[in-house]
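First comes the structure, then the notes that go with it.
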Amino acid sequence: MMTVQATNSVTAADEIDLDAPIFDPKAFRLNDEQAVIIATARELGQSVFAGRAGTYDREAKFPTENYRDLHRAGLLGIAIPSKHGGLGADYQTYAIAAAEIGRYCGATALTWNMHVCSTLWSGPLADDLDMDTATRTEHERRRAIHYKRIVDDGAIYSQPFSEGGAAAAGGVAFGTEARPVKGGWIVNGKKIFASLSGHADYYGVLCTEIAEGEKASRRNTLYLALPAKADGVSVVGDWDPLGMRGTVSRTLLFKNVFVPEDAALMPRGVYFQAAMRWPHMFLTLSPTYIGLAQAAYDFTVRYLRGEVPGTPPVKRRMYPTKQIAVAQMQIRLEQVKAIWFQAVTEARANPTKEQVLRAYAAQYSAMEGANEIATLAIRTCGGQAMLKSLALERIYRDSRCGSLMLPWTAELCLDRIGREALYETGESDD
Ligand SMILES: Cc1cc2nc3c(=O)[nH]c(=O)nc-3n(C[C@H](O)[C@H](O)[C@H](O)COP(=O)(O)OP(=O)(O)OC[C@H]3O[C@@H](n4cnc5c(N)ncnc54)[C@H](O)[C@@H]3O)c2cc1C
């Protein structure tokens with residue numbers, strides 16, 4: 001079993017009763033390697049991150065200390081192939097580990113997702129896509145540079161793609177532009193809601209490569225890692241949101257930022273290919289919310305049993321109304337877990353139409369389901385449980401934010417499911 005090395009200031013994993021896994025390895029047929037990685041995330045989350053989550057939330061502060069612990073535990077490199085020094089986890093393993101982190105600190109799980117996607121998309125996902133031999137060799141050389149920074153130095157990557165227009169929803173080309181110059185690109189543009197702003201070492205920016213006089217096209221999307229300290233990069237605006245406060249998702253401005261060719265996290269054309277052929281790449285924001293759904297349920301059971309630390313040991317479990325509410329929460333949780341587990345298990349290149357529709361449905365279920373379960377938890381536990389001194393109030397606020405995440409917001413999932421269920425590719429009524 002891998003050892004979790006965390007700072008000593010908080011309770012060590014072996015001093016507390018560990019929570020049961022969200023997905024029991026035996027019941028969900030996970031192998032030993034997967035179980036070890038996921039258990040590492042769960043132990044770190046429960047023994048260390050849970051205790052810090054309230055402060056990050058209250059102060060809208062980035063979880064810097066958690067990132068040091070993630071690095072020590074090898075989890076910054078969870079999806080980096082083992083030949084590059086990472087844990088070599090596949091998509092499913094990462095997703096379940098992220099759910100375990102989200103159970104204890106939503107903001108850490110969500111920002112960790114932005115970081116991990118830099119390695120998941122350039123790693124196992126890119127390995128599934130078409131590239132000629134020369135392009136693949138060059139990609140291998142370049143990604144080794146990024147992976148080494150993460151594994152050796154604990155470098156943190158983020159993933160700003162939202163711009164406030166239709167680009168993040170996949171409708172049009174990104175407005176942030178990369179003009180090709182000798183040895184690299186000059187980047188200009190703006191990203192909103194950029195989680196980890198001011199805290200990541202590299203911003204993994206989605207932008208459009210565009211030469212003088214050319215028209216912007218989604219096909220020419222580039223995925224470039226801009227050093228946070230590069231000339232022309234600035235972070236602006238306030239950050240005082242409803243939930244997910246520790247994500248520090250401020251606005252990034254890029255003014256004539258030069259980046260060398262090695263900044264490319266994917267070769268030309270490969271991001272567009274991924275968006276077309278590997279749609280589950282956009283499902284990775286959901287694990288955090290599976291964790292929050294589980295957390296709301298766990299809290300309710302403990303609270304009704306009179307076992308939440310810091311509250312009087314008053315039992316409320318004997319009331320039939322409470323029992324019914326817990327039953328409703330358990331049923332909803334199992335429904336959400338089931339569709340989500342199936343969707344993350346079948347993530348791959350060229351999924352069938354049924355699998356794509358299921359991925360949208362899983363995203364919708366996780367994002368809306370987490371908030372439904374948290375809402376029931378507040379109603380069931382009652383007034384004393386929603387005080388800011390307890391975790392439930394934060395879980396409730398964080399859970400409301402999932403449906404807003406582009407490109408698969410709850411609204412856009414409904415829109416896509418309805419349209420794609422009724423129309424085959426190329427069909428229209430005109
Ligand atoms: C806590 C948090 C962290 C975030 N972190 C990041 C991050 O790290 N990186 C990042 O890139 N983004 C991030 N985002 C941004 C997020 O993905 C969205 O871009 C953002 O919430 C959009 O807000 P908006 O109201 O401006 O969206 P708008 O573009 O105004 O859309 C409003 C709603 O309209 C709907 N809509 C939008 N476009 C269409 C369309 N073409 N057709 C039909 N309906 C549409 C959607 O349901 C959308 O929710 C984060 C957001 C939050 C809340």
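The values are calculated or read from the model by the stated rules, or taken from the named source; none is laboratory data. Here the structure is a predicted model, which means the values were calculated and not measured. Heads up, the Cβs are rebuilt from the backbone with ideal geometry, glycines too, and the neighbour counts pull from every protein chain shown. Areas reflect the complete protein model, heavy atoms only, side chains present, ligands, DNA and RNA absent. Shrake-Rupley method; radii C 1.70, N 1.55, O 1.52, S 1.80 Å.
A few remarks follow.
- Comparison of T111, T119 shows that the only residue that is more than 11 Å from the ligand (Cβ to nearest atom) and not aliphatic (A, V, I, L, M) is T119.
- Contact map, the range 401-414: residues that are aliphatic (A, V, I, L, M) paired with residues that are open to solvent by less than 10 Å² (accessible area, probe 1.4 Å) and near the ligand (Cβ under 6 Å from one of its atoms), Cβ distance under 8 Å, separation 6+ or inter-chain. Pairs shown: L406/A168.
- Flag if L76 is part of a helix (DSSP H, G or I) and within 15 Å of the ligand (Cβ to nearest atom): no
- Pair list, Cβ < 6 Å and 6+ apart or interchain, from the range 219-248 residues that are of a type in the set (F, W, Y) to residues that are part of a loop (DSSP other than H, G, I, E, B): Y223/L265; Y223/M266; W239/A60; W239/V248
- Options A200, A178: the member that is open to solvent by less than 10 Å² (accessible area, probe 1.4 Å), farther than 23 Å from T409 by Cα and within 11 Å of the ligand (Cβ to nearest atom): A200
- Single match in G184, G198, G170, G204 (criterion: modelled with pLDDT under 95 and of a type outside the set (A, V, I, L, M)): G170
- Yes/no for Y364 being open to solvent by 40 Å² or more (accessible area, probe 1.4 Å), on the phi < 0 side of the Ramachandran plot and within 14 Å of the ligand (Cβ to nearest atom): yes
- Cβ-Cβ distances below 8 Å connect the following pairs, each with a first residue in the range 189-208 that is in contact (Cβ under 8 Å) with a residue 24 or more places away in the chain, a second residue that is among the basic types (K, R) and surrounded by 22 or more Cβ atoms within 10 Å (Cβ to Cβ), and a separation of six or more residues or different chains: Y203/K191; V205/K191.
- Residue match in the range 423-430 (condition: open to solvent by 20 Å² or more (accessible area, probe 1.4 Å) and among the β-branched types (V, I, T)): yes
- Selection of the range 132-169 for residues being in a loop (DSSP other than H, G, I, E, B) and either surrounded by 15 or more Cβ atoms within 10 Å (Cβ to Cβ) or more than 10 Å from the ligand (Cβ to nearest atom) (or both) yields D132, G154, A155, I156, Q159, P160, F161, S162, E163, A167, A168, A169.
- Lone unmet requirement of (1) of a type in the set (K, R); (2) without any contact (Cβ under 8 Å) to a residue 24 or more places away in the chain; (3) open to solvent by less than 60 Å² (accessible area, probe 1.4 Å) for R419: (3)
- Flag if R58 is over 19 Å from M244 (Cα atoms), part of a helix (DSSP H, G or I) and open to solvent by 10 Å² or more (accessible area, probe 1.4 Å): no
Every residue, every condition in (1) of a type outside the set (G, A, S); (2) in contact with a helix residue (DSSP H, G or I) (Cβ under 7 Å, 6 or more places away or on another chain); (3) part of a loop (DSSP other than H, G, I, E, B), yes or no:
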position: F341; (1), (2), (3): yes, no, no
position: R348; (1), (2), (3): yes, no, yes
position: A359; (1), (2), (3): no, yes, no
position: G418; (1), (2), (3): no, no, no
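- For the range 385-408, taking the residues that are assigned to a loop (DSSP other than H, G, I, E, B) and either touching a Gly at 6+ places or on another chain (Cβ under 9 Å) or more than 8 Å from the ligand (Cβ to nearest atom) (or both), the one that is farthest from P312 (Cα to Cα) is identified as P407.
- Among residues of the range 181-197, those that are under 25 Å from P241 (Cβ atoms) and either near the ligand (Cβ under 9 Å from one of its atoms) or open to solvent by less than 30 Å² (accessible area, probe 1.4 Å) (or both), counted: 8
- All positions within the range 248-263 that are buried (at least 19 other Cβ atoms within 10 Å of the Cβ), aliphatic (A, V, I, L, M) and touching a strand residue (DSSP E or B) at 6+ places or on another chain (Cβ under 6 Å): L252, V257, V259, A263
- Take the conditions (1) touching a helix residue (DSSP H, G or I) at 6+ places or on another chain (Cβ under 6 Å); (2) without any contact (Cβ under 8 Å) to a residue 24 or more places away in the chain; A134 misses just one of them, which is (1).
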